[in-house]
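Undergrad: Take this structure first; my questions come after.
The values are calculated or read from the model by the stated rules, or taken from the named source; none is laboratory data. Small disclaimer: the values here were computed from a predicted structure and weren't measured. Neighbour counts are summed over all protein chains in view; Cβ atoms, including those assigned to glycine, are modelled from backbone coordinates with ideal geometry. Accessible surface is based on the protein model in full, side chains and every heavy atom, while ligands, DNA and RNA are left aside. Shrake-Rupley method; radii C 1.70, N 1.55, O 1.52, S 1.80 Å.
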Amino acid sequence: MTSAEDYRHNPTLLAPYLALSQGGKIMAEYVWIDGEGGLRCKTTTVDAPVKSVSELKEWNFDGSSTNQAPGHDSDVYLRPVTIFKDPYRGGDNILVLCETFNSDGTPNRTNHRFHANKAMEAAKEHVPWFGLEQEYSLLDADGWPLAWPKGGFPGPQGPYYCGVGQGRVFARDLIEAHYRACLYAGVEIAGINAEVMASQWEFQVGPCEGISMGDHLWMARFLLIRCAEEWGIKARSFLVSFHPKIVKEGEWNGAGCHTNFSTKEMRAEGGYSAIMDAVKKLESKHMEHIAVYGSENELRLSGKHETGHIGQFSWGVANRGASIRIPRQVAQQQKGYLEDRRPASNIDPYEVTGIMISTCLL
Ligand code: ADP
Ligand code: MN
Ligand code: MN
Ligand code: MN
């Protein structure tokens, strides 16, 4: 088995340079969310290894090039919020997740973390935990799922979920590299599995407390896209898609980002009543939640393919066709967590965890 360190751009050419001393300095890759909900990054040299974000400078970038600011007032500021280890550069080099701010000091339009963090602070005493299941699809350069017949379909769903063997799972090497990159970086990745649609995968992140859920999910996405970039150059063409319904015709599952949620009260003995309270509150705010649960999610929440219909809130124990599922073992033990199955794969996790807290706790 190879380590994340082996998955570099053209490692043969790079190898002698990777062995060079950095002269005590480190590279800090600042990462942020752009105007389309994609990710951007740029690197700065730092004089010595750092332990906390307070040692890092506030930086800026040209927001007119990322759909985050107009050309006549284009500076957008990057404020470091979380540090991860850099699996691509290794050593003391780091990845720095940032919030974005406009020149007048207000949070950028895309900075949902800023608002979610206020809700998290207000609800701190409840010690909210989240676990997100990020589903995604791998596409070929032509935008059709990887390894599918061109313009056609593979055999029907069934063998692909948690599949093993040729013709059942695709690109396991890329998925493995991503998993290892996450572990190295310090991302709280909880597991991976092949999904129901061929060339669809899932990774889980969590449980994470409060605002750190969004931080870890965004960094896991960054690492996935970054690994896939190398695969494209080295071997094949890979695009990672977070679209919730890649294949619209036929019997194919969409992609979601199930949001598992609990509080201190729900996890305690007899916490089931706190879970039911939350379900009732979620029911009363169904459409408000749907509004931030991803774009084109209406294509996915059809009431088929393991979803509840977008127009109708529902819940049930062990029911994968409901908006909210209570895991069987949670009902048995009368404590634990709930699973909100509505969020699409292309959500901003700060928006989703933020509204969850506002609805259920504030
Ligand atoms: P599924 O059966 O829906 O596919 P997964 O195993 O893929 O479930 O994901 C379950 C998620 O729930 C994991 O990300 C895990 O971290 C999270 N989780 C487990 N316990 C809790 C909890 N008490 N609060 C919040 N999230 C939790
Ligand atoms: Mn899952
Ligand atoms: Mn899944
Ligand atoms: Mn799930």
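Undergrad: For residue 332 and residue 147 in one chain, what is 0.36 nm times their gap in residues minus the Cα-Cα distance, to one decimal in nm? If you can, show how the numbers build up before the last one.
TA: On the way: separation 185, 0.36 × 185 = 66.60 nm, distance 4.16 nm.
This chain segment gains 62.4 nm when fully extended.
Undergrad: Report the convex hull volume per residue for the range 4-110, counting only C-alpha atoms, in Å³. Mind dumping the intermediate values first?
TA: Working: hull volume 12.9 nm³, N = 107.
With only Cα atoms used, the range 4-110 gives 120 Å³ per residue.
Undergrad: Report, as a whole number in µm² per second, the diffusion coefficient that Stokes-Einstein gives for the range 73-122 at 4 °C and 1.567 mPa s using the Kirkwood radius over alpha carbon pairs.
TA: On the way: Rh = 12.5 Å.
Taking Rh from Cα pairs, D becomes 104 µm²/s.
Undergrad: Under a straight-distance cross-link criterion of Cα-Cα below 25 Å, which lysines are reachable from residue 245, leaving out those fewer than 8 residues away in the same chain?
TA: 150, 285, 304
Undergrad: Further question on the same structure: Give the long-range amide H neighbours of residue 108: residues separated by 5 or more places, or on another chain, with amide H under 5 Å away, using H modelled in the peptide plane at 1.01 Å from N.
TA: Amide H neighbours of residue 108: 100, 101, 102.
Undergrad: To continue, here is another question. How large is log10 I(q)/I(0) at q = 0.06, 0.13 Å⁻¹ when the Debye formula is applied to the Cα atoms of the chain, each weighted equally and without solvent?
TA: Those come out to -0.23, -1.11, one per q.
Undergrad: Ignoring the sites themselves, what is the longest stretch of the chain with no trypsin sites (Lys or Arg not before Pro) in a DSSP loop and at most 10 other beta-carbon atoms within 10 Å? Each step should come with its number before you reach the end.
TA: Working: sites that count: 51, 150, 248.
Free of exposed loop sites, the longest segment is 249-362.
Undergrad: Starting from the Cα of residue 57, draw a straight line to each of the lysines and keep only those under 19 Å, dropping any in the same chain fewer than 8 residues away.
TA: The qualifying lysines are 25, 42, 85.
Undergrad: Let me ask another. Take the Cβ-Cβ distance between residue 64 and residue 162 as r, set R0 to 51 Å, and report the resulting FRET efficiency rounded to the nearest 0.05.
TA: Details: r = 45 Å, r/R0 = 0.88.
Approximately 0.70, to the nearest 0.05.
Undergrad: Further question on the same structure: How far is it, in nm, from the label point at residue 298 to the one at residue 239 when both lie 7 Å from their Cα along the line to the Cβ?
TA: 2.4 nm
Undergrad: Applying the Karplus parametrisation 6.51 cos²θ - 1.76 cosθ + 1.60 with θ = phi - 60° to the phi angles of the range 196-206, what ³J(HN,Hα) value in whole Hz is obtained for each residue in order, glycine and proline being reported as x?
TA: Computed from phi, the couplings for the range 196-206 are 5, 7, 4, 6, 10, 10, 9, 10, 10, 10, x Hz.
Undergrad: Accessible area of the range 162-202 with a 1.4 Å probe: how many percent of it is carbon plus sulfur?
TA: Working: 750 of 1600 Å².
For the range 162-202, the apolar C and S fraction of the accessible surface comes to 47 percent.
Undergrad: While we're looking at this one, here's another question. Using θ = phi - 60° and the Karplus form 6.51 cos²θ - 1.76 cosθ + 1.60, what ³J(HN,Hα) does each residue of the range 217-231 get, whole Hz, x for Gly and Pro?
TA: Coupling constants for the range 217-231: 5, 4, 5, 4, 5, 4, 5, 5, 5, 5, 5, 4, 4, 5, 4 Hz.
Undergrad: Here's another thing I want to ask about it. R0 = 22 Å: FRET efficiency of residue 277 with residue 122, Cβ-based, nearest 0.05? Walk me through the numbers on the way to the answer.
TA: Details: r = 18 Å, r/R0 = 0.80.
According to the calculation, E is roughly 0.80.
Undergrad: Using 0.36 nm per residue, how much length does the chain from residue 22 to residue 288 gain when fully extended, once their Cα-Cα distance is taken away? Mind showing how you got there, number by number?
TA: On the way: separation 266, 0.36 × 266 = 95.76 nm, distance 5.02 nm.
Taking 0.36 nm per residue and subtracting the Cα distance, the gain is 90.7 nm.
Undergrad: Rounded to whole Hz and in sequence order, give me ³J(HN,Hα) for the range 57-68 from the Karplus expression 6.51 cos²θ - 1.76 cosθ + 1.60, θ = phi - 60°, writing x for Gly and Pro.
TA: 6, 6, 10, 8, 8, 7, x, 6, 8, 10, 6, 10
Undergrad: With the other protein chains left in place, how much accessible area per residue, in square angstrom, belongs to the chain at a 1.4 angstrom probe? Each step should come with its number before you reach the end.
TA: On the way: 15910 Å² over 362 residues.
Roughly 44 Å² per residue, with all protein chains present.
Undergrad: Where does the range 198-354 land on Rg(C-alpha)/(2.2 N^0.38 Å)? Please list the in-between numbers first.
TA: Working: Rg = 16.6 Å, N = 157, 2.2 N^0.38 = 15.0 Å.
Cα Rg divided by the expected 2.2 N^0.38 Å: 1.11.
Undergrad: Still on this structure, please answer the following. Tell me which residues come under 5 Å, amide H to amide H, from residue 170 once H is placed; ignore anything under 5 positions away on its chain.
TA: 199
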